[in-house]
1. Has region 45-53 got at least one residue that is surrounded by fewer than 16 Cβ atoms within 10 Å (Cβ to Cβ), part of a helix (DSSP H, G or I) and either at pLDDT below 95 or not hydrophobic (A, V, I, L, M, F, W, C) (or both)?
2. Return the pair list, or none, for Cβ contacts closer than 6 Å from residues in region 17-43 that are open to solvent by 10 Å² or more (accessible area, probe 1.4 Å) to residues that are small (Gly, Ala, Ser), at least 6 apart or on different chains.
3. Scan region 76-111 residue by residue and report those that are over 15 Å from Ala66 (Cα atoms) and either modelled with pLDDT under 95 or among the hydroxyl-bearing types (Ser, Thr, Tyr) (or both).
4. Which of the residues belonging to region 28-57 are over 21 Å from Phe143 (Cβ atoms) and hydrophobic (A, V, I, L, M, F, W, C)?
5. Could you figure out which of (1) under 28 Å from Phe5 (Cβ atoms); (2) acidic (Asp, Glu); (3) touching a Leu at 6+ places or on another chain (Cβ under 7 Å) isn't true of Asp64?
6. Inside region 101-123, can you point out the residues that are among the hydrophobic types (A, V, I, L, M, F, W, C) and under 15 Å from Leu135 (Cβ atoms)?
7. For region 82-129, name all the residues that are closer than 17 Å to Phe15 by Cα and aromatic (Phe, Trp, Tyr).
8. Taking helices (runs of 4 or more DSSP H) that do not extend beyond region 60-162, which have at least 3 residues that are in contact with a Pro (Cβ under 8 Å, 6 or more places away or on another chain), in contact (Cβ under 8 Å) with a residue 12 or more places away in the chain and open to solvent by 50 Å² or more (accessible area, probe 1.4 Å)?
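The values are calculated or read from the model by the stated rules, or taken from the named source; none is laboratory data. Bear in mind the structure is a predicted one, so any value in this text is a computation, not a measurement. Heads up, the Cβs are rebuilt from the backbone with ideal geometry, glycines too, and the neighbour counts pull from every protein chain shown. For the accessible areas, the whole protein counts, side chains as well, though only heavy atoms, and no ligand, DNA or RNA atoms are used. Shrake-Rupley method; radii C 1.70, N 1.55, O 1.52, S 1.80 Å.
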Amino acid sequence: MTTTFSMYSASIPVFKQILNSLHAILDKAEAHAADKKIDPAALLQFRLFPDMLPFTRQIQIACDFAKGAAARLGGQEVPSYEDKEVSFADLKARIVKTLAFIDSVPQAQIEGSEGRAITTGSGEKTKHFVGQTYLFHYALPHFYFHATTAYDILRHNGLEIGKKDFIGSY
């Protein structure tokens, strides 16, 4: 019996599942801030520790890793997004834009990308990978780290969310 491995199935549906969950969590965070009379900026700029990035940046970076992985695995240029989000609505719009982009990368271009040469960064930060190593050892771990940190920031601030909210539906 031959088992085939799908780079598409290991990437795009995973990114979509968690990005959709983050979108739903942002709805809950916005409602929580309104109900508790919390200035949304207090949540959007909250950090778990002073040397960590704030909530807004966690969402931006999670989106960046999803779109970057889709583009690189699909052999496309990575689109550049300005980091100008200042509200829950802005962050939800970024997630929607990211979902639209990753949906636009044809599955056929991602399949078979296990051995594709992928380079990230520049100068001293340049990293070279093959597709499968890039996805499993770089893109997905970074994506999950930032998505989880965003979840943790909201949970720490009293938002009543749980594992089902983070995992979402699949």
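1. No, region 45-53 has no match at all.
2. Final answer for the pair search is Gln17/Gly168; Asn20/Gly168; Pro40/Ala33.
3. Scanning region 76-111 gives a single hit, Ser87.
4. Hits for region 28-57 are Ala31, Ala33, Ala34, Ile38, Ala41, Ala42, Leu43.
5. (3)
6. Ile102, Val105, Ile110, Ala117, Ile118
7. Phe101
8. Those helices (runs of 4 or more DSSP H) do not exist here; none qualify.
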